[in-house]
Amino acid sequence: MDSPLGTVIIYARDMQRAAAFYARHFGFLTNGEVIEGLIELQHPGGGAGMLIHQAATSVKLGQVGVKLSFHVSDVAAFATQAKLRGLVFGTVHEANGYAFANAKDLDKNSISISSRAHRVSGLDGN
């Protein structure tokens with residue numbers, strides 16, 4: 001069955017701030033307009049889009065079993081640049097030929113940057 005990930009929904013207290021966060025730090029494009037209760041974001045490089053949804057006051061943000069992982073070729077360099085823009089990632093970890101680092105967005109949702117998609121895989125003979 002062909003079922004690629006097409007959209008990630010993020011619940012946020014302040015939808016505009018959340019959309020601006022993902023635009024600023026990860027290059028997503030959005031006009032910030034709320035349509036049918038959602039703000040849509042797309043990345044110019046493709047991949048899954050995002051929808052920012054207003055979180056109900058009863059929702060406990062940052063405790064959902066979802067983590068957004070953004071593909072970057074150089075984790076340390078990306079983390080350094082992100083810090084200059086106000087987003088601080090934790091320690092850069094090395095694992096099986098790739099690196100990753102973790103952070104939280106404005107609503108305490110888990111996010112990471114990872115070079116896993118850029119590693120040379122031994123699975124295809126390379």
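Bear in mind these aren't lab numbers, they're just calculated from the coordinates by the rules spelled out. Just so it is clear, the structure is predicted and the values come from calculations on it, not from any experiment.
Rounded to the nearest Hz, the phi-derived 3J(HN,Hα) couplings of region 89-102 under the Karplus curve 6.51 cos²θ - 1.76 cosθ + 1.60 (θ = phi - 60°) are 8, x, 4, 7, 9, 10, 7, 6, x, 9, 10, 8, 8, 10, where x marks glycine and proline.
Between (1) 14.3, 46; (2) 15.5, 51; (3) 14.9, 48, which matches Rg and Dmax of the Cα atoms in Å calculated for the structure shown? This structure yields the entry labelled (2). Potential lengthening of the chain between residue 33 and residue 9 amounts to 7.1 nm, from the contour at 0.36 nm per residue minus the alpha-carbon distance.
Between the helical axis of 75-84 and the longest alpha-carbon principal axis of the chain there is an angle of about 40 degrees. Considered as an equivalent ellipsoid built on the Cα gyration tensor, region 40-110 has semi-axes of 24, 16, 13 Å, the largest given first. For the chain, the longest principal axis of the Cα atoms and the long axis of helix 15-26 meet at an angle of about 20 degrees.
Fully extending the segment from residue 24 to residue 68 would add 14.3 nm, taking 0.36 nm per residue of separation and subtracting the current Cα-Cα distance.
Show that you can apply the helix-only estimate: for the chain, add -39,500 (n - 2.57) for every DSSP H stretch of four or more residues, divide by all residues, and state [θ] at 222 nm to the nearest 500. Intermediate results must be reported in sequence, preceding the final value.
Values: 2 runs with 22 residues, N = 126.
Calculated mean residue ellipticity at 222 nm is -5500 deg cm²/dmol.
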